[in-house]
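The structure under discussion appears below in the form of structure tokens.
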Amino acid sequence: MTHDEILSWLRQTDPARLARLWREADAVRQEHVGGDVHLRGLIEFSNRCVRLCGYCGLRAANTKVERYRMSADEIMQCARLAVRLGYGTVVLQSGEDPGVTRDWMAELVRRIKGETPLAVTLSLGERDEADLAAWRAAGADRYLLRFETSNRALYDRIHPPRDGQTSDRLTLLGVLRRLGYEVGSGVMIGIPGQSYDDLARDIELFAALDLDMIGVGPYLAHPDTPLADPRDMPLLLPDDEQVPASEEMTYKVIALARLACPRANIPATTALATLNGTDGRELGLERGANVIMPNVTPPQYRVHYEIYPNKACLAETAETCGRCVAARIEAIGRAVGVGPGPSPNYLKDSR
Ligand code: SAM
Ligand code: SF4
Ligand code: FES
């Protein structure tokens, strides 16, 4: 797809034409990654964060958040629960938390890999190469690090670096690739200041980076963040340039990501379920997605991992979400994937 073709899909409003995009994405998904929907048990194990991302409720300056870090034993219990619920992968996600040390995390990864058959995906933000290497050596399989937007000026405004450092997620994605991780990235859709042109470039960058996993979801404003208040962050674009953070735009990006990266694993995300709790994830699965990440974080911690308000499944238990997700997948005629479900893109060449 050319830049102009992507742009014209992003601006398309005709339902009949969009139906064609959904059909094409669904067919490409079936051909390249099959009908199985892989489940990843999401463990939000620490909401401590030193960063000041303008969009995220966990940013260090938000004093309204009650902070927690789960113990290794608590995380192991979640991992065992994920196995009992039939999941083949756990995703360990946290804020950028220096209290999560290289050695502690490596030992935890070794325990999960030694005591369970799970694949381990990490999503701990921007960490040193030595940390990433130690965790890979301990057995971690995959790493998720969204580049958030390919517009460097917008990125710098909404994602300030740590003191005296630069934030370069694209370079880190290269490091992860070199270390042999399955590499996942993605963007938020409808960030204030994000233009259609920016979003088209994001999708082109998914292909250029040859991503194994692509996570995209709508930007959802959190009231206790600078980005939610235009006076704090004046990023206004003319209405016909600003990408809406809408459900339909999210489906378009899922579908175009599938066409751009046919063999990638693409989740129907919690942020999408937050916009449409009725059938957002199902529609995502029918328009290019092939993964769901049910939450296995204990409810007493889950409520404090509030990156945006009204997050789906905030009060549910892991068991409830497991049953719910399996029923939704079967209701649309798809099957729950068995085993770790690596990305066919990663398997295509021996990296
Ligand atoms: N701290 C790690 C990081 O930043 O990569 C992992 C956790 S962070 C909460 C995971 C993702 O949440 C981010 O990459 C970002 O895309 C998404 N996110 C944060 N705030 C959001 C918001 N207000 N709306 C939608 N997504 C958001
Ligand atoms: Fe921290 Fe990640 Fe939220 Fe940024 S997006 S404030 S790094 S948890
Ligand atoms: Fe959590 Fe439906 S997935 S209740």
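Some observations on this one:
- Some residue of the stretch 290-297 being away from ligand 3 (no atom under 12 Å from the Cβ) and either touching an Asp or Glu at 6+ places or on another chain (Cβ under 6 Å) or touching a residue at least 12 places away in the same chain (Cβ under 8 Å) (or both): yes
- Under the condition of being within 17 Å of the chain's Cα centre (by Cα) and open to solvent by 50 Å² or more (accessible area, probe 1.4 Å), the residues counted in the stretch 305-319 number 1.
- Candidates 327, 268, 331 - the one that is modelled with pLDDT of 95 or more, out of contact with any His (no Cβ under 9 Å at 6 or more places or on another chain), open to solvent by 50 Å² or more (accessible area, probe 1.4 Å) and within 11 Å of ligand 3 (Cβ to nearest atom): 327
- Qualifying position, being more than 28 Å from residue 203 (Cα to Cα) and hydroxyl-bearing (Ser, Thr, Tyr), among 250, 297, 269: 297
- Of all residues in the stretch 189-241, those that are within 11 Å of ligand 1 (Cβ to nearest atom) and under 25 Å from residue 141 (Cβ atoms) total 3.
- If you filter the stretch 138-167 down to residues that are closer than 22 Å to residue 98 by Cβ and without any contact (Cβ under 8 Å) to a residue 40 or more places away in the chain, you find that the one that is nearest to ligand 1 (Cβ to nearest atom) is 161.
- Looking across the stretch 41-54 at every residue that is assigned to a strand (DSSP E or B) and over 17 Å from residue 146 (Cα atoms), the one that is farthest from ligand 3 (Cβ to nearest atom) is identified as 46.
- Residues of the stretch 283-312 satisfying the condition of being small (Gly, Ala, Ser) and either at pLDDT 95 or above or within 16 Å of ligand 2 (Cβ to nearest atom) (or both): 284, 288, 289
- Once the stretch 202-236 is narrowed to residues that are assigned to a helix (DSSP H, G or I) and more than 16 Å from ligand 2 (Cβ to nearest atom), the residue that is surrounded by the most Cβ atoms within 10 Å (Cβ to Cβ) is 202.
- Taking (1) within 16 Å of the chain's Cα centre (by Cα); (2) within 11 Å of ligand 3 (Cβ to nearest atom); (3) more than 24 Å from residue 24 (Cα to Cα); (4) charged (D, E, K, R) in turn, residue 302 satisfies each apart from (1).
- Spans of helices (runs of 4 or more DSSP H) in the stretch 281-351 with at least 1 residues more than 16 Å from ligand 1 (Cβ to nearest atom) and in contact with a Leu (Cβ under 6 Å, 6 or more places away or on another chain): 318-331
The values are calculated or read from the model by the stated rules, or taken from the named source; none is laboratory data. None of the values given here were measured: they were computed from a predicted structure. Here the Cβ is made from the backbone with ideal geometry for all residues, glycine too, and neighbour counts use every protein chain on show. All accessible areas refer to the heavy atoms of the entire protein, side chains included, with ligands and DNA or RNA removed. Shrake-Rupley method; radii C 1.70, N 1.55, O 1.52, S 1.80 Å.
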